[in-house]
1. Can you pull the percent of chain A's accessible area that's carbon plus sulfur, 1.4 Å probe, other chains left in place?
2. With θ set to phi - 60°, apply the Karplus curve 6.51 cos²θ - 1.76 cosθ + 1.60 along the range A:159-172 and write out the HN-Hα couplings as whole Hz, x wherever there is a Gly or Pro.
3. Treating only the Cα positions of the range A:298-403 as identical point scatterers, give the base-10 log of I(q)/I(0) from the Debye formula at each q in 0.12, 0.15, 0.18, 0.19 Å⁻¹.
4. Collect residues whose amide H, placed 1.01 Å from N in the peptide plane, falls under 5 Å from the amide H of B:His5; neighbours closer than 5 in sequence don't count.
5. Can you tell me the length gained on complete extension of the stretch A:Asn163 to A:Asn107, counting 0.36 nm per residue apart and subtracting the Cα distance?
6. Compute the distance in nm between two label points, each set 7 Å from the Cα along the Cα-to-Cβ direction, one at A:Asp124 and one at B:Leu8.
7. Give me the three principal axis extents of the range B:26-95 from the C-alpha atoms, as integers in angstrom, largest value leading.
8. D for the range A:356-416, whole µm²/s, Stokes-Einstein with Kirkwood Rh over alpha-carbon pairs at 37 °C and 0.692 mPa s: what number?
Amino acid sequence: MRYSALRILKEGLTGNKGWKPVWREPEPKAEYDVIIIGGGGHGLATAYYLAKEHGITNVAVLEKGWIGSGNVGRNTTIIRSNYLLPGNEPFYELSLKLWEGLEQDFNYNAMVSQRSILNLLHSDAQRDAFIRRGNAMFLAGADAEYATADQLRAELPFLDFDNARFPIKGGLFQRRGGTVRHDAVAWGYARGADSRGVDIIQNCEVTGFDIENGVCRGVQTSRGPIRAKKVAMCVAGSSSRVAATAGMRLPIESHVLQAFVTEGLKPVLPGVITFGAGHFYVSQSDKGGLVFGGDLDGYNSYAQRGNLPVVEDVAEGGMAIMPIIGRARLLRSWGGVMDMSMDGSPYIDKTHIDGLYFNGGWCYGGFKATPGSGWCYAHLIAKDTPHPVAAEMRLDRFKRGHMIDEKGQGNQPNLH
Amino acid sequence: MIIDHPLLGPRDAAEFIYLGDACLIDRPDWQAEDAADAYHDYGYIRDNIAGPMQELWYHEQGDRSWLVVTRDTLTHEITAVELARDVARARGRSK
């Protein structure tokens, strides 16, 4: 069923009785060409692009809970491609280009809103670094725009430009960045994959792998064994736990990241704004709530909830750049479990087990990567060679000395 | 979270810096045949345990001691706190 204005009109005139569930609830078959473990944004996007771009439709997506119940529904919904390093930036730019055409492509309203992202800068050294990053973005075909403090004063008068400790000296815009309705991304990809024949199997937890002579032949699940020619892990947050059942140890630590939303306010923030001297990023949802976040809690956690010192730290970051939000009341806060990799960059790679593929390590940048991750993972699974823009996102890059360390922090996951 | 410091008593976890898995105490032998692989695993590969885990915390805003804290990563419950010095010596380090 295609969605269109005409369809809404027709359904409206006939009592809205024609709407149907947008994906089936099939029983698992005994065997598939490809099994994708994890029905989050990345897993569903992978299934969608496998079916649509590579014609591989005998695919199952196995999800432990319900689709979209993990981090695709727990993030701060920001999309952007403002990275520095050549191992990252072309990938994120591909992802942003896919976001731009996504709603037409899968015929679903994901509320992609290119309302801009602004990284504030607070020192001369930071200005140099940001302009360098802007130039790196140009090299990958992305857009970037340097703004002086005077330009920002005209556009965003509520910022605390003359803050005694962290005065705002300018900023780097990416006007094509913005926000997306995150749940709709999972639903749109699920609908698009399902309509092409992909089986989305919910409440089906993978408990082990059938590995015979170094080749992965299928998985054990809470709903029985399922055979497959290829098995693709896509369970960021739980990557180490799932990979351990295949005997693998990963360059990943799981950490908790908190996010927050205030009560609904009148429109005040035109786009996404980030603090350059601490860690704070904020946007305003279409319902009016300020959606914001900051640093990790900093210790290994699978608990999906954080502690109060980080709440205070994030709130202080917000007050440092925009004191006008000081009277806004916090409505909700929540935590998500992040696959923190050893250099802050993700993995899309084959494993040492034939027929077993790995996608994870997204740190807290996984949401914006959803279309690009699905696109490149589907390419890897279908063709058994990495997509050119994801060719450096390998599991063995530490052994080879080719880390992709945007922040230059080294192998300390809680600092990325 | 409250970390019950063996010398100073209960302290707010915000006074500490978190390093990670306490396996980092066990630095590999740099002269061994497999030193390159062992250091790769030591530096980059983690068990990433879901459940009770031994980890290293540094009391930066206090007495600057290193602690081995046994904490459940599913619930954040802390069940044991030891001086890292004692743990390392018990494992045969720095005798």
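The values are calculated or read from the model by the stated rules, or taken from the named source; none is laboratory data. Owing to the predicted nature of the structure, the values given are computational and were not obtained by experimental measurement. Virtual Cβ from ideal backbone geometry, glycine too; neighbours counted across all protein chains shown. Please note that ligands, DNA and RNA were not included when accessible areas were found on the heavy atoms of the full protein model with its side chains. Shrake-Rupley method; radii C 1.70, N 1.55, O 1.52, S 1.80 Å.
1. Here it works out to 52 percent.
2. 5, 8, 4, 9, 3, 5, 8, 10, x, 8, 9, x, x, 10
3. For the requested q values the scattering log ratios are -0.59, -0.78, -0.94, -0.99.
4. Counting only residues 5 or more places away or on other chains, the set is B:Arg11.
5. Here the segment from A:Asn163 to A:Asn107 would lengthen by 15.6 nm.
6. Distance between the two pseudo-spin positions: 3.9 nm.
7. Largest first, the range B:26-95 extends 40, 30, 23 Å along its Cα principal axes.
8. 255
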